[in-house]
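Note sheet for the following structure.
What follows draws every value from the coordinates through simple rules; no lab data is involved. These figures come from a predicted structure and were not determined experimentally. So basically every Cβ, Gly included, is an ideal-geometry build from the backbone, and we count neighbours across all protein chains shown.
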Amino acid sequence: MQSSSLLRSFAMRTDDDAFEGPPTETVQLLRRLGEGDEMAGEELFGRLYDELRKLARGAFQSQRDDHTLQATALVHETYLKLTGGKGEWKDRQHFLAVAARAMRQILVDHARGKGRQKRSVPGERKLLDSIVDELEAKSHGLVAFDEALGGLARVDERLAKLVEMRFFAGMTVEETARALGVSMRRVESDWTVARAWLRSALS
Amino acid sequence: MTAHEPEWEEVRRIFEAARALPSAERADFLRTECRGDEALERAVLRLLAADREDSFLGLDEPAAAGDAQAPERLGPIEILGELGRGGMGVVFRGYEPELDRDVAVKCLLGHLSLDEAQVERFRREAQAVARLHHPSIVPIHFVGQDRGHHFFAMEFLPGPDLGSELERMKLGQAPQRLPAHRTTASNGRIAELVADVADALQYAHDQGIVHRDIKPSNLIFGADGRITVVDFGLAQVESLGSLTRTDVIQGSPHYMSPEQARIASQKKVDHRTDVYSLGVVLYELLTLKRPFEGETFQEIFESIASREPPLARRLNPDVPRDLETICSVAMAKEPSERYATAGAFAADLRRFVEHRAILAKPPAALRRAWRAVLRHRKLVTTGLVGVGALVLGSWMRGELRVRATYPRLALEVRGRAGAVRDDAAGRVSVRRIDLLNGALGPPEPIGHLPLTNVRVEPGVYRVVVSFDNGAYAELFRDLPADGDLHELVAWLEPPETTAHEGMVAFEPTTFAPTEDECPNAGRPVELERFWLDRFEVTNAQYRRFLLATETPPPSSWADFLPGWEAEGLEVETGDGRTVAFDELPAVGMTWEDARAFAEWAGKRLPTHAELGHAGRGSELRLWPWADQTRANLGNVNGVAYWLGTSRRELWQLYLQNASPVGAQPEAATADGVHDLLGNVAELTETMHVGPKGAVDRQWFYALGGAWDAARTSQDLGNDAHSLANLGARGASCDTGLRCAKSAFPH
């Protein structure tokens, strides 16, 4: 997929002719989630998990070196694929929250399995491998980090969500702020606290 | 382990407040905040110890620099946080789980660990103190080395130290461990305290150890309230031989003895240097003033060597005459005029406390001795000039920086065509900016043109150049304590009656935003009369600036707009249309280039409050335009892009979505200011204020949202306060500027 067309589809003008047509199933799930339907969230999670993995397993090729960017691109590509660009601003916020959780699950699963699996098909898991390698280094061990993050969620759920979004889905401060419905400043201060908490939990 | 689990909200609150403080103040703060709740204090300390920027969860966005990296463990000790640092060592707070005790750990600074001589000095200190067993000298638990870190563990003293007690009293606050200043109890308590220190020094002197760096911050209250001497880092140990000359001047200048300051004469420094320095501490405790101050180290040393300090009673009439005498004798210029031993000093202080006659002679005799010194002043001063350079070199890496590190200002005046105008006459003043609310201090004159080298206190200023022809320039500058010469350019604008054409005047007012997002939330800002551009700065205007000043263009112009130097470009937007580039608002410049543009135009960037007031008015309206029922005005289109979006795509999004400036007259304010909400966000000269008032000097507010903002109040709330980076990357594809100017700059 050409990324320039991908970008144009992200233009969230609700009055744009290009976006006419019925909302996709995913968009409907997002709206149900927005109305507080938790079942929709679970269903969406499963869908995102599968789709993210499928995309990661080969369809997506990137020239970029920065793996965090790749994670972000992966999430956004998934969004496009599942909604056909028909989501609205609010839908994308819900999407990002669920996608970040799915992304975390995928990467941690991948990190767990990495030691056991033989890399039989060269290049097949290349993207996830490279993302996981980088996150392993940054987190002082992804599996332990995931457990620590679970601990943080019990102390302060919003902080854990924020780490999911920023660390696993590679979202920027601004994107995270929008998705969580808080200010950028709040995201920055939350990030500082979360990072210190996680480091002390891991040391 | 206790089962008590501290409240998370409380832990977080104290952590965030503490991290905004300098590390040296954190221990005191924690003690006050945690009120003896040890589990709470430990939880906060763990967070503080874990709080630093490094590869852990490293993200590619810039963040404020934290403390230098602390080890997580040193031998058997868990490191919990930094207590303070000096020229050669860092002192950490630590916890030794095996013995369940708090400790203070002094660790040699990393880069010094490679220097054998420094390691030797460090070990010498440890050995020296380890030999001392006295209730008023901090005991050493053990000396160690761990992964290249040399360290020793001492008893942890909860403090506060006398330095912070003095700071508190100087600010008019109540000290924690001392009676309030100028109360009946205070003189006696001070005398007892200093006598205890003098006893400890006498003991150390008896063991052949001279401390040589007695100062308030090295005198710390222990858990039992007893004053304790710490930091024998500069100690001279008789049995270990003398130290080199540069070592000797590593004390703190204000508390140094004349013989320490006069080392060029190779005068021997003995135990009486400690008597002198403790005398200075006594003087400061009694008067809340240091006897000798100066702009530079050299000036301080000259004062110490040759000047007579005001008698203590002149500064504080409540000081008893005997105590003043004791103080003067301890601080005598000539070691032979002082108390011969620290013990004698202590004994006289105790006589004073017990209302007995003191042994010291009244200061009249001393003043005669001082006059004798003064007669030789010229000689002494000459000797000191050479020392000055030596001392400065040695001190730059030291812990105490005085005004030698003040930044310096030079001004170059240029005419419109860029030619240097040496003939320009005028005066220059500075107005200090309160970083928390952007308020301007009163103008302080610093000199006349030409201005080549004027020292100012470090700070963030608006430098105002008032030319004699009536024009004036306003230059926002962050002048850190770097001692550097900052060369500013002021553009001499010919006085024109039409100078404010294209600008709208705003009358003096108070801007008091209520949202939690503002740097000055809850703190009203007084605005003086100012002018604000009607329109955002266009590409045509910005191009003229680039060509006139030979400033490199924004990277997006350089990469995607070949031939940008030409006027009247019709540019393809990437979706089949073309736009008249000149009319679009300029974006993509760095914050510094935006400031340079404003100065070149004879203006400045607006402040957060000015832009906020222009858009929202004193009634804090939601939209800039007058018709508050119409929410859908303005170029606010919610066009989204992502971190993964390429720069070329961002450039195209800008071309497709930004409107020519002033294209939406219905969205202008009643005052006639266009595009305050939407189109492009606008840079201000207001620095980002983080949680708990921490100012981030690398980030500036950019207000007003842009074409990529979504039309929700939440999103506008965020966008209206998004931050622009000062770094070389440049502002983004949605951030530009408009200019302001003060009506009366002073």
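Sequence-ordered 3J(HN,Hα) estimates for region B:448-465 from the Karplus curve with 6.51, -1.76 and 1.60 and θ = phi - 60° stand at 10, 6, x, 10, 10, 6, 10, 8, 10, 5, x, x, 9, 10, 9, 8, 10, 9 Hz, glycine and proline given as x.
Ordering B:R414, A:R53 from the fewest to the most neighbouring beta carbons within 10 Å gives B:R414, A:R53.
Under 10 Å from the Cβ of B:V579, count the other residues' Cβ atoms, weight Lys and Arg +1, Asp and Glu -1, and hand me the total. Provide the component values of the computation, followed by the final result.
On the way: positive: B:R577; negative: B:E570, B:E572, B:D582, B:E583.
Net charge in that neighbourhood comes out at -3.
Does region B:531-572 come out rounded, prolate or oblate, given a ≥ b ≥ c as the square roots of the eigenvalues of its C-alpha gyration tensor, rounded meaning a/c under 1.5 and, failing that, prolate meaning a/b above b/c? Since a/c reaches 1.5 and a/b is larger than b/c, the shape of region B:531-572 is classed as prolate. Neighbouring Cβ atoms from other chains, within 10 Å of the Cβ of residues in A:186-194, number 5 on average. A protection proxy built from the mean count of other Cβ atoms within 10 Å ranks the segments A:167-174, B:26-33, most packed first, as A:167-174, B:26-33.
Find out how many positive minus negative residues lie around B:A667, taking Lys and Arg as positive, Asp and Glu as negative, among other residues whose Cβ is under 10 Å from that of B:A667.
Numbers: positive: B:R630; negative: B:D627, B:E666, B:D675.
Cβ neighbours under 10 Å give a net charge of -2.
Counting only other chain Cβ atoms within 10 Å of each residue's Cβ, the peptide A:171-181 averages 4. Within 10 Å of the Cβ of each residue in B:43-51, the mean number of Cβ atoms contributed by other protein chains is 4.
Summarising the amide proton neighbourhood of B:F700: residues at separation of 5 or more, or on other chains, whose placed amide H is nearer than 5 Å comprise B:H688, B:A724, B:L726.
Length gained on full extension, B:A558 to B:H355: 64.9 nm, using 0.36 nm per residue less the C-alpha separation. Net charge near B:N218: determine it from the other residues with C-beta under 9 Å of the C-beta of B:N218, scoring Lys and Arg +1 and Asp and Glu -1. Around B:N218, the surrounding residues sum to -2.
Would you mind checking B:K106/B:K289; B:K289/B:K333; B:K289/B:K361; B:K170/B:K361 for any pair whose Cα atoms are more than 22 angstrom apart?
Pairs exceeding the cut-off: B:K106/B:K289; B:K289/B:K361; B:K170/B:K361.
Ordered by the number of other Cβ atoms lying within 10 Å of each residue's own Cβ, fewest first, B:W707, A:W197, B:W531 fall into the sequence B:W531, B:W707, A:W197.
Look at the dipole of region B:587-679 built from charges on Cβ: of B:M589, B:G634, B:W651, the Cα furthest out on the positive end belongs to B:W651. Counting neighbouring beta carbons within 10 Å and listing from fewest to most, the residues B:R462, B:R131 come out as B:R131, B:R462.
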